[in-house]
Structures are given as C-alpha cells and as structure tokens.
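Contents: one structure, followed by commentary.
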Amino acid sequence: MAKPKLKEHLINREWCKGCGICVHFCPKAVLELDDQDKVVAARPEDCICCRLCELRCPDLAIEIVTEETTRPEA
Amino acid sequence: MAIKDYIRERFFPHMWCPGCGHGIVMNSMLHAVEKLGFSKNEIVMVSGIGCSSRISGYVDFHTLHTIHGRALAFATGVKLGLPELNVIVPMGDGDALAIGGNHFIHAARRNIDITAIVMNNRVYGMTGGQFSPLSGYGTKATTAPLGNIDHGFDVAQLATAAGASFVARSTTYHVQQLSDIIRKAILHEGFSVVEVLTQCPTYFGRKNKMGDAAEMMEWFKDNTTSIGSKAKKENDALIERGIFVQKNIPEYCEEYDKIIAHAMEGS
Amino acid sequence: MDKNIRFIQGNEACVEGALYAGLDFFAGYPITPSTEIAEHLSSRLPRKGGKFVQMEDEIASMCAIIGASLTGKKVMTATSGPGFSLKQEALGYAIMTEIPCIIVNVQRGGPSTGLPTSVAQGDVMQARWGTHGDHAIIALTASNHQDVFAVTVQAFNLAETYRTPVVLLFDEVVGHMREKLVIPEPGAIPLVDRLRTSVKEGVDYHPYLPREDGRLPMSDFGSVHRYNVTGLYHDMWGFPTTKPEIVQGLHRHLVDKIRNHVNQIAMFKEYYLEDAECVLISYGSSARSALHVVESRRPRGERLGLLELQTLWPFPYQLIKEKCKSAKYILVVEMNAGQILRAVKRAVRNPERVFLANRVDGVFITPTDIRNILRIIMGKGA
C-alpha cells in the first residue's frame, strides 16, 4: 500500500486540553503546544501519518486527514 | 474521524482531566467497535461510579450508568433479558474490584458473555485521590498520607481463577494492542476481562511523583512486556501484557437456554 | 380436578399472581421466609420461556432485575428484612431512573437477623423511607391468599403505570400458611403494560421528558432509541446535570407522580364501618385476627368495624380520616412497635383516641390479644 499523504492535521481547539501526550509521542516532533496550550502542527511537512497522536489523544481532539481519507468512506 | 459516529458529540468536551488515560481507553474502545461493525442499537454499555464509569454518558449506545460496584450485576440482568445484545462494562479498579469484587468474581464464574474493561489507574479519582485496592504498597494517597500498607493483587490471575474465559491486559501507551484486545474481548463469547493500566496524572501521578500524563505512559512502556518474553524472564518485576486466557467453554445464557428447552418439553 | 383451585402457601400464591401478571424475569437470593418464591420460580419461569437466576447476593439480585426491566421484561425479586436492607440503594436507583420492578419482602422478626422463621410487620416504615433522599414509593400488602394473588397482579400494573418499583410487604404467616386460592381465567383481571414510545427511529427520543399527561414513555434497550440511564439527577436526555431548575423539576416529578394518585393507588377492604363505634385498622396477617374479633363480637352487640389496608404507601390519609370520622375509638392492630399507628394518628382529628394492639415477640397476634386491649380501651379493665 502506498504511503499515506498528509492533507492536514484537523485539531479541535475546544476539545483539546493541552495535555501534551501527542506532542511528547510524535516520532517526528511535528506537534507543539501554542501559547494557549492547544496543540498545533508546527512542522506538518515532517508528518508521516502514523496517527499515533490521533490514537493516543484522550479528547479525540486531533485527526490526521490524508489524501485517501478525504474520499468518502467506503 | 469515523469513531465520532459513536459518540454523543453534544456532551463534549468531556469531563476528564487533561491527560486522563480514560479518554485514551474510550478512543481505543471506539476504534475496536468501529472495526467490529456492529449496529449501535446492538450495544449496551453498563458502567458503575467513578471517573472511568462516566464513559457511558459520552458514547452513542444504550447506556446504563449504575451504582458503585454493581455494574456487572445490572449487566447480568440486561444480558439475560436480551442475550443478543453486546454488553460492555467499563469500570474503575475500585468500582470493579473493591466494592464490586464479589460481582466481578461471580460474573466470571458464570462465564456470562459480557466484556469487562477494568480501567486501572490505581486510585479513586472522582472522590479526590484515595487509595484503591490496586494502589500498591508504599504509594501515597489522600487516605494513605503516610504510605499505603495495603498490597494489591493480580487482576488477571483473579479473573482466571474465578473462571473468566478471556483475560487480557494492556496499557494506554500500547493503544494498538489495546484496541485489538478490546475487539477480541468483545467478539469472545464468554466473560472477557481486559485490564487496562491507565494514568491519573491529577492524583495518583502527582501524589507519587510520576510526572505528567506522557511520563506516566512512558512508565507503562518501560515497566510492561509481552507475556512470556525474554525481558520478563530476566526481570520478574515487569508486568505482562497480552492475552492470558482465551478458551471456549459453555456460556451462561446458552446454558440457561438449554434449561428453558428442557423445561418446556416437559410441560 | 379443577386446576384453577389450589391449596398452597402464600408465597406460592404470590408466584401465581406474578406469573399471571406476565412475570418474565426473576433474580433472587435465598432467605427465610421468602425462599419458596425463588424455588417455585426456578421451575415455573423456564417452563414458560422466562428466566430465573440466583445471584450472589441480595444487592446483585435487585440490580439484575433493574437491568432486565430495561430490556422490556416484567421483573421481580423476593427477600426478607436483612435482604430488604441490602437492596435499598439499588431500590433508590430504580426510583430515580423510573424503572418498573417488584420487590417482595416477606417480613420476619427484626431488626438484624432477628427471628428468621417468625412473623413480624416491622418493615413498614423502612418500605417508605429505607432508601436515602426524598422519594415516593408504592407498598402493598394482603392478609389472605386470594388477595395476595390479586395484590401481586395490581403491583405489576402499578409498577408499569407509574414507572416505579413497587414493594409487596407480606409476612411470614401469610407467606408460609396454606390456604385455598382460585386462579382466575386469563383476561379476568386486566393487565397493564408499560407505555412505550411511538417516536420513530431517527427522531430524537427524550427518555426523561414527561408527556403533557405526566407519563413517561419507555423504550426498550436494544431497540432503535439509544439513551442514557443514570442515578444522578439528569436532564431529559438522561444525561447528568446539576442545574437547579432541572433538579427541582425532576424531584417534583418523582414525588408528585405517586402523591397525586393516592386515591387511584389506595386499596382497602372495609367491614361494618357504617355504624362502628370502634374501628380496627389492620393489614397483612394481623388483619385476620382483627377480622375474627370484629365478627365474633358484633353478634353480641359490640359495634366494631375493620378497615383492612392493602395499600400502605402512599398512605391514604384522606381515606382514614373519612372512614374514622364517626368512630369513638380507633385501634391499630399490627405486629411491630407501632408503625402504621403513627400515620393513622396523623390522619385523624382526634389522635388521642388512636390505640395500638401489637405483638413484637415473634408470636402471631391473636384475637385474645386484641380483645384484651379493647377491654382496657373501653374502660372494662383487664
């Protein structure tokens, strides 16, 4: 299967509580907490779409949208 | 995010603290449910009292938020009432194993087809950080300010001895394993127990100087290992993760259906 | 031999009533003097495709029936004093979540382990206030097997109508004695099923939004509406809330739905009240002795009457006041230290004319016991 291509980091700032789990565990250090303690994708170009941030987020506040997933789900 | 189909969005953001492991368990569990492809109308979630048990309010299934320690008793009634339902019971360590210990043992003994998810954060979080039966010797809590003298026990061994036919353990660090285990636990026909080591950074973590949520998850990574691994043989203190028991034995509702058939042919 | 005529224990009469009413699920735990109910149902229920489970304790039994009721079944559990004490928390849960269920308490000597095989009627106040918080409850009782049957059927009807737990307060004498029971033909007594919602799939269903008539349509777990049930104060979706106006509204609803229907729920039997100078008020097996006193004294010109209560809670204050308004004396007959006595005193205009004939020693109260008190009241001395 081809490597998924990142479209965007969909971040729900209302749900994000700034716990820092996604930032800490991102293998490519893509994520950071901004001055309001909400996560932002500081270096999206480095994202490898591993989705560990999405899977480990306690608040369901971050979603990795790839080119593939923007097509309607089968 | 497809798992958003399975939540009651109007009640988000949820009430758990920043970094609470229960949110991760919910996340993994919803991924498991999504993979299973059941209709939401076929799922009943029964929980007790505590931070863990609040999960039922947030998910879009038939949900039953009961009283402290008694979730499995309610769930037994639901399952016997309508055995076709998939009954999932998330509970905290205190809820399932302190006040609920008796019901835990007997649900396992009956091998009734219910999936128990014990979210073990080693503390009573909702009430402000008292120790639980699984806190462990020497830990600090609001009711053990001078150090806990209670020892815990091995939930997997207890479940196994009581008769559970599916027993597994994972952690909130190991999300992919956790989701896979939950999926298998739900599919399993019989009493399934999944113990999840999860973090309470606000109370257990803070009182026992274990760092923030991410650091507590690192602790899960460093202090657990796969069942029977070389690392375990070298260091017995490591906690094993994986599926301990998975066996096919008579399930309670099916056995009772036989009783009904037997009774009805006689009359 | 007519299968409809039975010579059985009161406990079995209760079983017959429950099955007639449509009982489908029973969870229980053995305790004297109620165990026979569980034993009979363990064979009767599977015979009709219903389910019986002996749970690990009384608390689990109460919880299991609540769970099963949510799947649409008519449910019951049975116990005695110590088990009734254990069930209180879960009983309160059923009240708060408005889930129909029947709890039989075959009363025995208390408190504590008390007298497992002896009669008492000491749990009347506990049936009213056993669980914490302000709440309403329906509690019924009966003095003979035909009424045990009828009152049991009524209990199911009331539970389904008002979406509430109903307590059946029987006692060891009625539970264990043997007497004739005639089981009515199916359909002879009308049965009530819970009101179920007609809201279609995909349309928002609010499980805790009362209709204009105050009723709350239910939806079975497993069907098309998914909702939350919780013992916390909750909004119309069943989601926990602490908003004062919602809490106030729910609290009022829970209490008023029973209180506003006292007259519909009140069941009683009356004997010779029209000209009674002294009205005996009794219930359960005590009423058998009370009735004996009334019927044996009337031919001698004594103007005694009996008001036998079948509904204990909500207490029919108005009814008592009316039935006793021309009485010179009121004698409450019960096997406890005076529990209904207090309610009767509150109901009547002259509480100083209300007296108690009672026994609390485990011995069944006799007509002689009652007559002795009557003599003292009437100034005739011991």
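Every number in this text was worked out from the coordinates using simple rules, so none of it is lab data. Note that the structure is a prediction, hence the values are computed from the model and not measured. All Cβ positions, even for glycine, are placed from backbone atoms using ideal geometry, and neighbour counts span all protein chains on display.
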How do C:M267, C:M55 line up, fewest other C-beta atoms within 10 Å first?
C:M267, C:M55
Peptide C:204-211 - average C-beta neighbours from other chains (10 Å radius)
0
One finds, for C:L191 and C:I5 with R0 = 25 angstrom and r their Cβ-Cβ distance, a FRET efficiency to the nearest 0.05 of 0.70
Quick one: Cα centre-to-centre distance for the stretch C:339-369 and the stretch B:194-267, in angstrom?
58 Å
Determine Rg/Rh for the protein assembly as shown; Rg is computed over alpha-carbon atoms and Rh is the Kirkwood hydrodynamic estimate from the same atoms.
1.06
Protection proxy ranking of C:140-148, C:58-66 - average other beta-carbon atoms within 10 Å, highest first
C:58-66, C:140-148
Those GluC sites (Glu not before Pro) from the stretch C:196-267 that are DSSP loop and have at most 11 other Cβ neighbours within 10 Å turn out to be C:E201, C:E212
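I'd like the Kirkwood hydrodynamic radius of the stretch B:19-266, using the inverse of the mean 1/r over distinct C-alpha pairs, in Å. Numbers along the way, then the final one.
Numbers: mean 1/r = 0.0549 Å⁻¹.
18.2 Å is the Kirkwood radius here.
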Sorted by mean Cβ packing within 10 Å, highest first, what order do the peptides B:149-161, B:23-35 take?
B:23-35, B:149-161
Loop-only trypsin sites (Lys or Arg not before Pro) in the stretch B:225-264, please: DSSP not H, G, I, E or B, and at most 15 other Cβ atoms within 10 Å.
B:K247
Hey, with R₀ at 56 Å, roughly what FRET efficiency would B:T142 and B:A261 work out to, going by the Cβ-Cβ distance, to 0.05?
0.55
Among C:252-259, B:98-105, C:337-344, C:287-294, what's the highest-first ranking by average C-beta atoms within 10 angstrom per residue?
C:287-294, B:98-105, C:337-344, C:252-259
Least to most buried among B:D236, C:D24, B:D93 (fewest other Cβ within 10 Å first):
B:D236, C:D24, B:D93
I want the local charge near B:V123. Using Cβ-Cβ distances under 11 Å, sum +1 for each Lys or Arg and -1 for each Asp or Glu among the other residues.
+3
Residues of C:50-57, mean number of Cβ from any other protein chain within 10 Å of their own Cβ, rounded to a whole number?
5
Cross-link pairs C:K3/C:K180; B:K40/C:K200; C:K323/C:K345; B:K4/C:K243; B:K140/B:K233 - those with Cα-Cα distance over 24 Å
B:K4/C:K243; B:K140/B:K233
Hey, can you grab everything whose amide H is under 5 Å from the amide H of C:T164? Only 5+ residues off in sequence or another chain; H modelled, so Pro and N-termini drop out.
C:C101
Ignoring everything except DSSP H segments at least 4 long, calculate the 222 nm mean residue ellipticity for chain A; use -39,500 (n - 2.57) per segment, divide by total residues, nearest 500.
-2500 deg cm²/dmol
Under 17 Å from a label point 7 Å along Cα→Cβ of C:S43: give me every residue in the stretch B:227-267 with its amide N that close.
B:259-267
Roughly what angle does helix C:244-259 make with the longest principal axis of chain C, taking Cα atoms, 0 to 90 degrees, to the nearest 10?
40 degrees
Using the beta-carbon distance between C:R375 and C:E212 and R0 = 56 Å, what value does 1/(1 + (r/R0)^6) give for FRET efficiency, to the nearest 0.05?
0.50
Stokes-Einstein translational diffusion, the stretch C:5-182 - Kirkwood Rh over all Cα pairs, 0.692 mPa s, 37 °C, in µm²/s
212 µm²/s
Measuring from centroid to centroid over Cα atoms, what is the spacing of the stretch A:26-50 and the stretch B:66-132 in Å?
38 Å
Need one number: nm distance between label points at C:H292 and B:S229, each 7 Å from Cα along Cα→Cβ, rounded to one decimal.
7.8 nm
If each DSSP helix of 4+ residues adds -39,500 (n - 2.57) and the sum is divided by the residues in chain C, what number results at 222 nm, nearest 500 deg cm²/dmol?
-11000 deg cm²/dmol
Please report B:M119, B:M210 as a ranked list, fewest other C-beta atoms within 10 angstrom at the top and most at the bottom.
B:M210, B:M119
So what's the angle, to the nearest 10 degrees on a 0 to 90 scale, between helix C:81-97 and the longest Cα principal axis of chain C?
50 degrees
